[in-house]
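*Asks:* Dumping the structure here so I can ask a few things about it.
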Amino acid sequence: MAQLPSSTRTIPDIARVPRHVAIIMDGNGRWAKKRFLPRIMGHQRGVESLRETVRACRDLGVEYLTVFAFSSENWRRPVDEVSFLMSLFLKMLEREVANLHKNNIRLKIIGDRSRFDDALQRTMLEGQRLTENNTGMTLTIAANYGGRWDMMNAVHQLLSERPELATTFTEADLQPYLCLSEAPEPDLFIRTGGEKRISNFMLWQLAYAELYFTDALWPAFGRKELEQAIESYQGRERRFGRTSEQLVAGQSPEQASKGSGNA
Ligand code: IPE
Ligand code: IPE
Ligand code: MG
């Protein structure tokens, strides 16, 4: 199976505009609270921010946008909020999938879907199926997703298919079983809402992502805020464990990656 470069082994292609942006869309509840509205109004307004962000990413030439919509830990929220989020999810898919398709955007859902009700599971699958051959941006929604779940799930699948590797498997053996194995690793990670943590999102794939935290609450995030994040990204030097000198112009990623032991 052809594999994409892994950031812990080689230096991936780095473009001025990040190829893959991953976002923790946080702060919906606080946005609503500040306006004396119920938390669910923040989630509702958050769908608008997502729409604007998808459009802006597509316009800027981002190839993959991955957003955290519901974590494996979010089931612990009050029952009413969880059920509102589930119905919002369904409504959003029903309303937006045709639009994504029209814009040549491929939709993917990652996470353990088995806990969602039948209608939601069906709509997710239909959305993925309808858009699977689209060649524009890939929008991935992480729902009932957790980074630890992703890794455990990958190990279980690998060992059930290739039990002979139980004590010898390498990163490269595991990689195809992880979520988003067909996408380059995220270049830029954004978390809105002011918290500076990863909250169990893409623990494996974020190994060498550039991290960007903003106090903007998700319902107030849009094109301008995305551009600010990308501008910050463009000012970073991504070294992947090397020195600045190794990265000087003219040196190929292969040269710079020499000595990267665990290939
Ligand atoms: C993020 O906003 C949306 C989900 C986790 C579903 P929050 O609901 O976490 O908003 P805050 O962090 O409480 O403000
Ligand atoms: C992370 O936000 C999950 C999503 C945005 C879907 P949370 O609001 O659940 O994260 P914590 O609880 O503040 O770490
Ligand atoms: Mg939150």
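The values are calculated or read from the model by the stated rules, or taken from the named source; none is laboratory data. Computed from a prediction, not measured in an experiment: that's the story for all the values here. Cβ: placed from backbone, ideal geometry, glycine included. Neighbour counts: every protein chain shown. Ligands, DNA and RNA are excluded from the accessible area calculation, which covers all protein heavy atoms including side chains. Shrake-Rupley method; radii C 1.70, N 1.55, O 1.52, S 1.80 Å.
*Asks:* Please verify whether SER87 is part of a helix (DSSP H, G or I) and open to solvent by 40 Å² or more (accessible area, probe 1.4 Å), treating the condition exactly as stated.
*Replies:* Considered against the rule, which asks whether it is part of a helix (DSSP H, G or I) and open to solvent by 40 Å² or more (accessible area, probe 1.4 Å), SER87 comes out as yes.
*Asks:* Hey, another quick one. Which of (1) at pLDDT 95 or above; (2) outside any helix (DSSP H, G or I); (3) away from ligand 3 (no atom under 16 Å from the Cβ); (4) among the charged types (D, E, K, R) is the odd one out, the single condition ASP26 does not satisfy?
*Replies:* Only one criterion is unmet by ASP26, namely (3).
*Asks:* Kindly indicate whether VAL47 is open to solvent by less than 70 Å² (accessible area, probe 1.4 Å), within 16 Å of ligand 2 (Cβ to nearest atom), under 16 Å from GLU185 (Cα atoms) and touching a helix residue (DSSP H, G or I) at 6+ places or on another chain (Cβ under 7 Å).
*Replies:* No: the conditions fail for VAL47.
*Asks:* Here are some residues: GLY127, GLY61, GLY136. Which one is open to solvent by 40 Å² or more (accessible area, probe 1.4 Å), among the small types (Gly, Ala, Ser), more than 13 Å from ligand 1 (Cβ to nearest atom) and in contact (Cβ under 8 Å) with a residue 24 or more places away in the chain?
*Replies:* GLY61
*Asks:* Could I ask something else about it? Pick out the one residue from ARG76, ARG106, ARG19 that is free of Cβ contacts under 8 Å to residues at least 60 places away in the same chain, under 24 Å from SER199 (Cα atoms) and either touching a strand residue (DSSP E or B) at 6+ places or on another chain (Cβ under 9 Å) or within 16 Å of ligand 3 (Cβ to nearest atom) (or both).
*Replies:* The conditions single out ARG76.
*Asks:* Still on this structure, I have one more. Within the stretch 184-200, how many residues are surrounded by fewer than 18 Cβ atoms within 10 Å (Cβ to Cβ) and either at pLDDT below 95 or out of contact with any Asp or Glu (no Cβ under 7 Å at 6 or more places or on another chain) (or both)?
*Replies:* 4
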